[in-house]
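Have a look at the structure below before the remarks.
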Amino acid sequence: MNQVLELTQGQFDLVYNSFSLTIAAMGASLLFFLLVRGRVHPAHRMAITLSSLVFAIALYHYLRIFASWSEAFSFVDGRYVADGRPFNEGYRYVDWLLTVPLLLAELVIVLKLAKDTTRSLIVRLSIAAVAMILLGYPGEIAAADSVTRTVFGVLSTVPFLYILYVLFVELGRSLDRQPQRVRNIVGGLRFLLLASWGVYPLAYIAPSVINDVATAEVVRQVGYSLADIVAKPVFGLFILAIALIKSQGAQDPTPEDIHRELEEFEQF
Ligand code: RET
């Protein structure tokens, strides 16, 4: 019943190259963020440090994913046949388990909200992220047409919707106190988040809605990889922009500083 997956050379290469592109994106981002870290004011550096951790974790996992993909197929009569070691989907889920809470934490931390709000948001978002990923995994490794895939997909969507609620409704309320430029970037960031995070459930259902197993596999792997590039490096650049704007604020004199200086000047 379990038919062996067979890909054309083009299909195999598309996935292979998308993994390769993701490795390059994660490696270059790691380097870039480490180099640029010093230009961010120390008060806003934590978000950049967390971003660098995300890139390091993803770089490692994509190297393993790449190797696992290569080992899973042999080249027979011009086609790639999955008769090797099974492709390990676990790397991706372990990667998300670590990086999704870190990504959410960097977003909350860079906004520098009140301490209690920050802690409460990070705890709730992390728990929801872990639940979403742990619930998704049994469905991911189940057969395309099984009840398991649907049930776990639906269960995983519950914490996913909760995360979106917290980010769009709760966080929206805390944004009032942010400078206008930061609010504009956060607006773009949330749009980016919705557009990239929305790809994951779509890639997940690909095997259930696309009849051709080979096409479904390609759509799923390329979809996850491209979504990872937007959700990690591109998202990281928005976080960096916020940290840099806030760094200028941290160096610029506040109205109170100017007032004090004027008073001192007048006394003089
Ligand atoms: C799963 C299972 C099916 C239902 C849903 C899912 C959502 C996954 C998401 C993953 C986000 C990953 C990120 C990684 C970045 O490094 C688990 C596919 C809703 C949203 C942002």
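Every read-out reported here was derived from the displayed coordinates using simple, explicitly stated rules and does not represent laboratory data. Keep in mind the model is a prediction, meaning the values are calculated, not measured. A quick note on method: Cβ atoms are made from the backbone with ideal geometry, for glycine too, and the neighbour counts reach across all protein chains shown.
With neighbour counts taken as other beta-carbon atoms within 10 Å, the residues Lys115, Lys246 rank, fewest first, as Lys115, Lys246. Set against the 2.2 N^0.38 Å expectation for a compact globular protein, the chain has a Cα radius of gyration ratio of 1.20. When the chain is described by a simple charge dipole with +1 on each Lys and Arg Cβ and -1 on each Asp and Glu Cβ, the residue from Gly136, Val186, Phe12 located farthest towards its positive end is Val186.
If you sort the three axes of the alpha carbon gyration tensor as a ≥ b ≥ c, you get a/c of 1.5 or more for segment 34-112 and a/b above b/c, which makes it prolate. Taking the square roots of five times each eigenvalue of the Cα gyration tensor of segment 66-204, the equivalent ellipsoid has semi-axes of 36, 17, 13 Å, listed largest first.
Given an 8 Å cut-off on Cα distances and at least 6 residues of separation, report the relative contact order of segment 1-148 as a percent.
Values: 143 pairs, mean separation 35.5, N = 148.
In percent, rounded to a whole number, it is 24.
Contact order for segment 6-267, expressed relative to its length and based on alpha carbon pairs under 8 Å spaced 6+ residues apart, stands at 25 percent. Comparing Cα centroids, segment 158-210 and segment 90-104 end up 16 angstrom apart.
Between the listed residues Asn211, Phe66, Leu50, the Cα displaced farthest toward the positive end of the dipole of segment 6-267, a dipole computed from Cβ unit charges relative to the Cα centre, is found at Leu50. When the chain is described by a simple charge dipole with +1 on each Lys and Arg Cβ and -1 on each Asp and Glu Cβ, the residue from Leu113, Val94, Ala28 located farthest towards its positive end is Leu113.
According to the square roots a ≥ b ≥ c of the eigenvalues of the Cα gyration tensor, what is the shape class of segment 164-207, taking rounded for a/c under 1.5, prolate for a/b larger than b/c otherwise, and oblate for the remainder? Taking the square roots of the gyration eigenvalues as a ≥ b ≥ c, segment 164-207 is oblate.
Please label the shape of segment 214-253 as rounded, prolate or oblate, based on the square roots a ≥ b ≥ c of the eigenvalues of the alpha-carbon gyration tensor (a/c under 1.5 means rounded; beyond that, a/b larger than b/c means prolate, else oblate). Taking the square roots of the gyration eigenvalues as a ≥ b ≥ c, segment 214-253 is prolate. Note on Thr118 and Asn17: their simple-model spin labels are 4.4 nm apart, each label 7 Å out from Cα toward Cβ. Around the Cα centre of segment 6-267, unit charges on the Cβ atoms of Lys, Arg, Asp and Glu (plus for the first two, minus for the last two) sum to a dipole of about 340 debye.
Would you order Met26, Met46 from fewest to most other beta-carbon atoms within 10 Å of each residue's own beta-carbon?
Working: Met26 24, Met46 16.
Ranking Met26, Met46 by Cβ neighbours within 10 Å, fewest first, gives Met46, Met26.
Spin-label model, Leu161 to Ala28: label points 7 Å out along the Cα-to-beta-carbon direction sit 3.9 nm apart.
Sort Tyr165, Tyr200, Tyr60 so the one with the fewest other Cβ atoms within 10 Å of its own Cβ comes first.
On the way: Tyr165 12, Tyr200 20, Tyr60 16.
Fewest-to-most Cβ neighbours within 10 Å comes out as Tyr165, Tyr60, Tyr200.
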